[in-house]
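Below is one structure; the comments refer to it alone.
Each value in this text was obtained by applying a stated rule to the coordinates, not by laboratory testing. Because the structure is predicted, anything quoted here is derived from the model rather than measured. In this analysis, Cβ positions are derived from the backbone assuming ideal geometry, glycine residues included, and neighbour counts consider all displayed protein chains.
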Amino acid sequence: MKKICLFTLKLLHYQIDLANVPTEKKYVLVFAPHTSWTDFIVGKIALTAMDVKAMFLIKKEIFFFPLGIWLRYIGGYPVDRKRTQKLTDTIAEFIKGKDEIVFLIAPEGTRKCIETWKRGFYYIAQKAGVPIALAYLNYHDKKGGIGPIFYPTGDYEADLQEIQKFYCGMAGKKKGRFNLEKEEAHR
C-alpha cells in the first residue's frame, strides 16, 4: 500500500517528507491548513506513505452504512458536534488507554476561514500527557509532511503562538480560507 500511495502522490505532484516521522508511540497529530475536503484524501495518502496510522475526528452524520464501516476501518472517530462538552476528556482517556496511538485533529475545526483555532487538540495532548506533532500540506509548493514535535507547557496562548509560527505563510487548497496564509499578519 505504501508504494501505491507514494506513486499516487507523485502523480499528484506532491513532495512528502518521509524522513521526519515521529518515533514517539503516542501523540496528537495537528493538521493544517484544512481548507478543502480533498485535504483528507491527500493527507490520508501521505500518512499511509509515511507508515503513520492515525485516528481522526469526523462528524457522526457521515457514519452511515456502508461508509461508516469504511471510515472506522481507516481510523475514523465519530463526533456528535452538538455534544462536545467532554470530548477532550473522552479522547484523552482513550489515548491514555492505548500503548500506541496517533490521533489526528484539524485545529481549525472547519474548512472555512476562522480567526481562532479550537483548543481541543492542545487540551487532549495535555490531559493525555502526549506531545503534539505538526503535520502540514502546503498547497503553495505542494509539499507536506510532519514538522516538529511540540510539548505543551500549560501556557496555551504562548504555546499556540509557537505552534502557529510553524504554519505561518502556508497556503490551503482554497485560497483565503487559512487564517495564517499571510505570514506578515502574524508577526
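When the residues of segment 4-23 are narrowed to those that are of a type outside the set (Phe, Trp, Tyr) and touching a strand residue (DSSP E or B) at 6+ places or on another chain (Cβ under 7 Å), which ends up farthest from residue 151 (Cα to Cα)? Checked segment 4-23; the qualifying residue farthest from residue 151 (Cα to Cα) is 9. Among the residues of segment 7-56, those that are surrounded by 18 or more Cβ atoms within 10 Å (Cβ to Cβ), more than 22 Å from residue 152 (Cα to Cα) and over 11 Å from the mean Cα position of the chain (by Cα) comprise 9, 14, 16, 35, 42, 45, 46, 48, 49, 50.
Residue under question is residue 92, and the condition is that it be buried (at least 16 other Cβ atoms within 10 Å of the Cβ) and among the small types (Gly, Ala, Ser); does it hold? The answer is yes for residue 92. For segment 71-86, a tally of residues being surrounded by 11 or more Cβ atoms within 10 Å (Cβ to Cβ) and farther than 14 Å from residue 29 by Cβ returns 8.
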